[in-house]
Amino acid sequence: MTTPAAFSTVPSSPADQSTSARPPAHQAGTLTAIAGQGAVGLLAASRLVLAGQPVSLLPRTEAQSPRQAVALPLTFSAAQQDHPLLLHRFDASAEANGQQSNAQQPNGQFQRLLVPVKAYDIELALQQWLPFCTVDADIVLCHNGMGTVERASALLLSTQKLWFASTTHGALKTGPYRLRHSGMGSTNLGPVNDAASHALSRQQSPYDWLQTALGPVQLVKDIQPLLWQKLAINAVINPLTALHQCKNGALAAPEFQAQIRQLIAEFCQVAAACDQQFVMPDLVGKVLQVIEATAENYSSMQQDRAAGRPDELEYITGFLLREAARHRLPIPAHLALYQALKADAP
Ligand code: KPL
C-alpha cells in the first residue's frame, strides 16, 4: 500500500530527478541535519519527515560526490507500507555564499546534527559540518566501534554537546532510491562530553527528536557499559564473518564455539582493565543471542569487505588491541583475527 507523499512533488521515477529538482520552500532553513546517506541516516531522516519534522541531509564530501540534486526521492518501506518521500539535501556551497562560516565561530543553522557515518569518517564529517551548527548544538555520533569520542570532542566548541547513540535498528538500501526498515530496534542515548552531561543534568537532551528518528530511545547517564557490550558483540561477529565471508548465523556452528569463547574471555580482561566489568557466561549468552537473532544477516564488516570498502576493524578489534597494549594484556585470539584480516585486506 502506498501512502501519500510527505512532500508536495514526488518524481515518478528516479530518472525524473535532476539537479534542477527543488525541495519544498519550507525545507530551506531546517534546524536538524543528518550527515551522510548511509542506511541508518536515511532511516532517521525518513522517520522524521514522516512525522512532519523537516531535516536536511548533508552529503558526504564535495570532493567524493559530484554535485547532487537538492532533493532526494526515496521510497521508504516500513511495516509493509511504501512511503514515497522527497528528502532535502543541504547545499553547502549555496549556504557558504550567504554566510561566512568557519570552525572557530560557528554561526550555522543546525541545532541538531546526527552523524551516523562509519567510525573512520567521523572527523571528516565533523570538520565539514560543524561550521554549519550553532554554538550550543547537539551533535550525536552513531557508529560501530570505539575510540572516536576524544578526537570528535576536540573538534567541538566547549558549548557544543556531544552524545552517542547506539542503535539496533536494521535498515537496508534495496536500491539507489529505496530504503527498507528491515529490523525494528531501539536506541540508547548518552552524553559523552561535559556540555552534554551538564545539559542532561538540567533535563535537556535530544531525546524527543531522536525518539522520532530512531526510537524507542533509552536515555542513560553513562553510555560506556552499553558501548563496551556492543563492542564485545562486534568484536566477535564482525571480524569472523568478514574473514569467513559468511552470514552471522554461520557462527553458531560447533567449529566456532571455542574461538568465540576465547575472544570473549580476552575481551572481558581488557574491559575489566578499563573499569568495565562483564560476567563471561552472560556475555557469551548475549553474543550467541545476537548471532541467532541476526542469523540471516551479513554483518557490516562482511558487507564492507565484500564490496571492497574500508571497514571498521581499527575501531573494533584495533581499539581492543590498543587498550590491551596500554594495560600490557596479551589477547592472542583478537590479534590473530586482526592479522588474518589485515593479510586478507581487499
Ligand atoms: O552490528 C552489527 C554489524 O553488523 O555491524 C551486528 C550486531 C553484528 C549485526 O550484524
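Tell me which residues, restricted to region 246-261, are more than 12 Å from N297 (Cα to Cα) and touching a residue at least 24 places away in the same chain (Cβ under 8 Å).
Passing the criteria: A252, Q259, I260.
Can you name the condition, by its number, that E296 falls short on among (1) within 16 Å of the ligand (Cβ to nearest atom); (2) in a helix (DSSP H, G or I); (3) surrounded by fewer than 12 Cβ atoms within 10 Å (Cβ to Cβ); (4) not polar (S, T, N, Q)?
E296 satisfies all of (1) within 16 Å of the ligand (Cβ to nearest atom); (2) in a helix (DSSP H, G or I); (3) surrounded by fewer than 12 Cβ atoms within 10 Å (Cβ to Cβ); (4) not polar (S, T, N, Q) except (2).
Among the strands (runs of 3 or more DSSP E) confined wholly to region 171-249, which include 3 or more residues that are within 16 Å of the ligand (Cβ to nearest atom)?
Here the list reads 178-183.
Condition (residue is of a type in the set (F, W, Y) and under 16 Å from the mean Cα position of the chain (by Cα)) applied to region 170-184: is it met by at least one residue?
No, there is no match, as no residue in region 170-184 is of a type in the set (F, W, Y) and under 16 Å from the mean Cα position of the chain (by Cα).
Out of Q224, Q211, Q229, Q204, I need the residue that is modelled with pLDDT of 95 or more and either closer than 24 Å to D304 by Cβ or among the acidic types (D, E) (or both). Which one?
Being modelled with pLDDT of 95 or more and either closer than 24 Å to D304 by Cβ or among the acidic types (D, E) (or both) holds for just one of Q224, Q211, Q229, Q204, which is Q229.
For region 123-169: of the residues being more than 16 Å from the chain's Cα centre (by Cα) and in a loop (DSSP other than H, G, I, E, B), which is farthest from V55 (Cα to Cα)?
Ranking the candidates gives S158 first.
Please work out which residue is farthest from W228 (Cα to Cα), limiting yourself to region 324-337 and to residues that are under 26 Å from the mean Cα position of the chain (by Cα) and surrounded by 20 or more Cβ atoms within 10 Å (Cβ to Cβ).
Only one residue tops the list, namely L337.
Would you mind telling me which numbered condition in (1) hydroxyl-bearing (S, T, Y); (2) within 14 Å of the ligand (Cβ to nearest atom); (3) within 17 Å of the chain's Cα centre (by Cα) T317 fails?
(3)
List every residue pair whose Cβ atoms sit under 6 Å apart, with the two residues 6 or more apart in sequence or on different chains, where the first one lies in region 289-302 and is under 23 Å from K118 (Cα atoms) and of a type in the set (A, V, I, L, M, F, W, C) and the second, anywhere, is more than 8 Å from the ligand (Cβ to nearest atom) and in a loop (DSSP other than H, G, I, E, B).
Every condition considered, the pairs that remain are M301/D311.
Please find, among I237, I139, I233, the residue that is buried (at least 20 other Cβ atoms within 10 Å of the Cβ) and either acidic (D, E) or farther than 26 Å from A293 by Cα (or both).
Step by step, each of I237, I139, I233 is checked, and only I139 is buried (at least 20 other Cβ atoms within 10 Å of the Cβ) and either acidic (D, E) or farther than 26 Å from A293 by Cα (or both).
Name every residue in region 302-327 that is assigned to a helix (DSSP H, G or I) and closer than 13 Å to K342 by Cβ, in order of residue number.
Scanning region 302-327 gives R305, L313, E314, T317, G318, L321.
What about Q257, is it polar (S, T, N, Q), more than 19 Å from L337 (Cα to Cα) and exposed (fewer than 15 other Cβ atoms within 10 Å of the Cβ)?
no
The values are calculated or read from the model by the stated rules, or taken from the named source; none is laboratory data. Note that the structure is a prediction, hence the values are computed from the model and not measured. Virtual Cβ from ideal backbone geometry, glycine too; neighbours counted across all protein chains shown.
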